[in-house]
Amino acid sequence: MARALCTRCGLHPNTCVCEVCEQVDNRHRVIILQHPSEVGHSKGTVRVLQQCLTRLEVLVGESPESFSGQGLERLLTETRSGLLFPCADSQPVESNAAAQIDQWLVLDGTWRKAAKILHLNPQFRQLPCFHFAEPPASRYRIRKAPKAGQLSTAEAVAYLFTLTEPTTDTEPLLRAQDVLIRKRLAFVPDHHKTKDHEAPDPELPGSLTNY
């Protein structure tokens with residue numbers, strides 16, 4: 001008999017990580033703008049954020065209409081927002097300007113799809129944009145990063161909090177991601193495993209995004 005799916009994340013117990021997710025009382029609200037192609041993928045780390053963070057919104061879409069229908073405009077008018085995505089005029093999160101931000105927009109998708117969301121929603125460029133000047137090394141070993149400085153969405157949010165609210169314990173996010181990785185790698189035959197498991201492919205779910 002097939003095992004029942006998790007009632008919280010909808011995934012099979014072999015890939016579910018809900019039981020290891022601990023609550024993280026983040027002060028800044030995070031709004032994840034998730035590309036539709038990322039929804040439901042067992043390699044995605046947004047599900048870790050959904051189970052851990054106390055202040056999180058996940059909006060799935062690509063066009064302005066899709067986000068507007070989920071109340072994004074209202075969320076953006078409630079407080080000062082910043083976009084975590086490298087742009088020509090983006091500032092380091094490590095700068096003093098980030099202290100003025102009360103909630104963060106984070107794009108979830110491959111580099112190309114995240115950039116497409118930004119292209120289709122020029123209103124996001126009116127927000128202050130930020131990037132990491134010195135991002136940590138990624139622990140997301142399910143896929144090899146196409147280039148240095150790329151993080152999974154959970155890692156990006158964890159490091160964002162490390163910089164903007166240093167008293168918040170972000171280790172639960174990284175520990176849950178580590179369990180996700182171990183469970184995914186358990187399905188890979190030993191002779192197929194490498195240090196980074198797979199070659200880079202910016203269009204496959206689970207790829208890393210450069211923040």
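Nothing in this text is a laboratory measurement; each read-out follows from the coordinates by a stated rule. As the structure is a prediction and not an experimental result, all values here were calculated from the model. Here the Cβ positions follow ideal geometry from the backbone for every residue, glycine too, while neighbour counts run over all protein chains shown.
Residue count for segment 6-19 satisfying the condition of being outside any loop (DSSP other than H, G, I, E, B) and surrounded by fewer than 16 Cβ atoms within 10 Å (Cβ to Cβ): 1.
Out of the residues in segment 166-189 meeting the condition of being within 26 Å of Gln91 (Cβ to Cβ) and among the polar types (S, T, N, Q), tell me which one is surrounded by the most Cβ atoms within 10 Å (Cβ to Cβ). Among residues in segment 166-189 that are within 26 Å of Gln91 (Cβ to Cβ) and among the polar types (S, T, N, Q), the one surrounded by the most Cβ atoms within 10 Å (Cβ to Cβ) is Thr170. Residues that are touching an Asp or Glu at 6+ places or on another chain (Cβ under 9 Å) and surrounded by fewer than 17 Cβ atoms within 10 Å (Cβ to Cβ) within segment 113-122 comprise Lys116, Leu120, listed in sequence order. One residue alone among Pro36, Pro92 is under 21 Å from Phe161 (Cβ atoms), surrounded by 12 or more Cβ atoms within 10 Å (Cβ to Cβ) and not β-branched (Val, Ile, Thr), and that residue is Pro92.
Of all residues in segment 163-187, exactly one satisfies the criterion of being within 14 Å of Thr153 (Cα to Cα), polar (S, T, N, Q) and either assigned to a helix (DSSP H, G or I) or without any contact (Cβ under 8 Å) to a residue 40 or more places away in the chain (or both), namely Gln177.
What is the residue count in segment 36-58 for residues that are of a type in the set (S, T, N, Q), touching a residue at least 60 places away in the same chain (Cβ under 8 Å) and over 12 Å from Leu180 (Cβ atoms)? Of the residues in segment 36-58, 1 are of a type in the set (S, T, N, Q), touching a residue at least 60 places away in the same chain (Cβ under 8 Å) and over 12 Å from Leu180 (Cβ atoms).
Report whether or not Thr110 is surrounded by 19 or more Cβ atoms within 10 Å (Cβ to Cβ), under 19 Å from Pro36 (Cα atoms), of a type in the set (S, T, N, Q) and in contact with a Pro (Cβ under 7 Å, 6 or more places away or on another chain). For Thr110, the condition - surrounded by 19 or more Cβ atoms within 10 Å (Cβ to Cβ), under 19 Å from Pro36 (Cα atoms), of a type in the set (S, T, N, Q) and in contact with a Pro (Cβ under 7 Å, 6 or more places away or on another chain) - is met. Looking at Leu105, Leu163, Leu127, which is the one that is in contact with a strand residue (DSSP E or B) (Cβ under 8 Å, 6 or more places away or on another chain), under 21 Å from Leu56 (Cβ atoms) and surrounded by fewer than 19 Cβ atoms within 10 Å (Cβ to Cβ)? One residue alone meets the criteria, Leu127.
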